[in-house]
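Peer 1: Dropping a structure here in structure tokens format, bear with me for questions.
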Amino acid sequence: MRTAAKTGVVLAGLTASALMLTGCSSEGTTAISADTDKADIQLSYSQPHTDPFQNAENVGSMQRFEELGYGTIPATNADRDASQQLTDIQTLINKGAKGLVISVGDADAIVPAIEYANDASVPIVAIDEAPASGKIAMIVRADNVNMGALACEEMGTRVKAGDAVITLDGDPVTSNGRDRTNGFNDCMAEKYPDVKLVNVATEWDPAKAASGIETAMNQYDNIAGIYNQSDATFFPTILDTLDSLGKLVPVGQDGHVVQVSVDASPMAMTAIRDGWLDAAVAQPMTDYIDYGVDYLTRAISGETFEAGDTDHGSVIEERNGNLVDLLPTPVVTADNVDDPELWGNKEFALEAFGVSK
């Protein structure tokens with residue numbers, strides 16, 4: 001996984017030799033003239049809700065725009081209100097944004113906003129999450145079904161037949177929530193069918209995660225693991241909840257509740273080092289930012305993209321009528337937790353999460 005020393009200071013110029021480019025104007029997009037001053041091209045970012053991961057994506061994208069010399073319109077934050085994100089995107093376009101990077105809060109609810117951008121010939125690149133439909137220049141994200149399957153493998157090797165595992169499911173209105181749930185559940189059913197899954201609907205809300213853990217622990221006496229679909233969202237809530245229940249036991253000791261998560265945020269890295277978290281599947285957040293901005297700036301210049309292998313170790317696939325650049329997702333354990341190339345060890349991430357290394 002290629003990452004950067006700081007989220008905004010990345011790749012002086014991303015090459016696209018392995019991508020097949022048509023060089024013509026994107027469908028529904030009016031290409032900006034090559035001699036237009038970048039400072040006169042205003043770009044912005046739409047954030048769906050507030051958490052350190054989303055905040056870092058927002059700040060990193062806006063910093064990258066500025067470093068490349070583009071004008072910017074202040075980013076928006078819908079704060080978990082799907083209708084507000086629709087309004088935010090429309091407002092940014094009405095203010096003159098010529099391109100947007102967005103993270104999708106509700107895959108279906110966001111579609112009218114994307115269609116509004118299509119009608120206005122404003123290209124959009126989605127990072128991290130994917131919309132249900134609407135024409136997107138590129139979606140940059142991880143294969144979240146595979147992330148769920150990787151988490152399943154880590155969990156399955158650490159629990160035994162007859163055990164129960166709590167799964168803290170993300171919001172099903174998001175593609176990440178659905179995919180991480182399906183990837184984990186399908187893998188467990190196929191490879192570890194004798195492990196019972198106790199699904200908790202969290203809607204990405206830490207309070208609901210805490211309540212769900214307490215309820216499950218009271219209902220079942222054989223809880224041996226917790227699958228956490230977003231450690232950026234749910235830490236330290238899970239540790240606090242287990243501690244309050246007298247269930248917080250270090251890795252390797254009797255009574256330890258196995259924990260496997262997705263994100264590999266700075267908090268998760270600390271938890272692995274401290275012996276509370278067994279494994280985390282890492283989201284390539286710095287790559288989301290780098291390639292999201294890169295695809296957008298190329299799209300506003302009129303480039304289009306096709307499916308195939310890229311020059312950065314990923315594959316572009318067509319899904320639901322849009323192209324998706326599926327980035328690699330390494331598994332982090334005590335063996336590689338100090339790898340400086342992992343985004344959770346980057347200085348910008350430590351600052352965003354308020355974690356000291």
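Peer 1: Please enumerate the residues belonging to the stretch 162-196 that are touching a residue at least 60 places away in the same chain (Cβ under 8 Å), open to solvent by less than 50 Å² (accessible area, probe 1.4 Å) and of a type in the set (A, V, I, L, M, F, W, C).
Peer 2: If the condition is that a residue be touching a residue at least 60 places away in the same chain (Cβ under 8 Å), open to solvent by less than 50 Å² (accessible area, probe 1.4 Å) and of a type in the set (A, V, I, L, M, F, W, C), then A164, V165, I166, L168 are the ones that fit.
Peer 1: Just the residues that are open to solvent by less than 20 Å² (accessible area, probe 1.4 Å) and more than 18 Å from F348 (Cβ to Cβ), please, taken from the stretch 62-92.
Peer 2: So the first thing to find is which residues in the stretch 62-92 are open to solvent by less than 20 Å² (accessible area, probe 1.4 Å), and the list is 65, 71, 73, 78, 85, 88-89, 92.
Hits for the stretch 62-92 are G71, I73, A78, Q85, D88, I89, L92.
Peer 1: Which one is surrounded by the fewest Cβ atoms within 10 Å (Cβ to Cβ) among residues in the stretch 41-61 that are under 22 Å from N176 (Cβ atoms) and in contact with a Leu (Cβ under 9 Å, 6 or more places away or on another chain)? It would help to see each step written out before you state the result.
Peer 2: At the first step, the residues of the stretch 41-61 found to be under 22 Å from N176 (Cβ atoms) are 45-61.
Checking the rest, the ones that are also in contact with a Leu (Cβ under 9 Å, 6 or more places away or on another chain) come to 45-46, 61.
On the way: Y45: 30, S46: 28, S61: 31.
Result: S46.
Peer 1: Given the criterion among the polar types (S, T, N, Q) and touching a Leu at 6+ places or on another chain (Cβ under 7 Å), identify the matching residue among Q219, Q259, Q283. Steps first, answer last, please.
Peer 2: Working: Q219 fails: touching a Leu at 6+ places or on another chain (Cβ under 7 Å); Q283 fails: touching a Leu at 6+ places or on another chain (Cβ under 7 Å).
The conditions single out Q259.
Peer 1: One residue is enough: does the stretch 66-73 have a residue meeting the conditions over 17 Å from the mean Cα position of the chain (by Cα), among the hydroxyl-bearing types (S, T, Y), at pLDDT below 95 and over 30 Å from P172 (Cα atoms)?
Peer 2: There is no residue in the stretch 66-73 that is over 17 Å from the mean Cα position of the chain (by Cα), among the hydroxyl-bearing types (S, T, Y), at pLDDT below 95 and over 30 Å from P172 (Cα atoms).
Peer 1: How many of the residues in the stretch 301-330 are closer than 22 Å to A264 by Cβ, assigned to a strand (DSSP E or B) and open to solvent by 40 Å² or more (accessible area, probe 1.4 Å)?
Peer 2: Residues flagged as closer than 22 Å to A264 by Cβ, assigned to a strand (DSSP E or B) and open to solvent by 40 Å² or more (accessible area, probe 1.4 Å) within the stretch 301-330 amount to 1.
Peer 1: Here is a check on your reading of the model: is I93 touching a residue at least 24 places away in the same chain (Cβ under 8 Å) and in contact with a strand residue (DSSP E or B) (Cβ under 7 Å, 6 or more places away or on another chain)? Step through it out loud before you land on a result.
Peer 2: Values: touching a residue at least 24 places away in the same chain (Cβ under 8 Å): yes; in contact with a strand residue (DSSP E or B) (Cβ under 7 Å, 6 or more places away or on another chain): no.
For I93, the condition - touching a residue at least 24 places away in the same chain (Cβ under 8 Å) and in contact with a strand residue (DSSP E or B) (Cβ under 7 Å, 6 or more places away or on another chain) - is not met.
The values are calculated or read from the model by the stated rules, or taken from the named source; none is laboratory data. Keep in mind the model is a prediction, meaning the values are calculated, not measured. A quick note on method: Cβ atoms are made from the backbone with ideal geometry, for glycine too, and the neighbour counts reach across all protein chains shown. Protein only, heavy atoms only, side chains kept; ligands, DNA and RNA dropped before computing areas. Shrake-Rupley method; radii C 1.70, N 1.55, O 1.52, S 1.80 Å.
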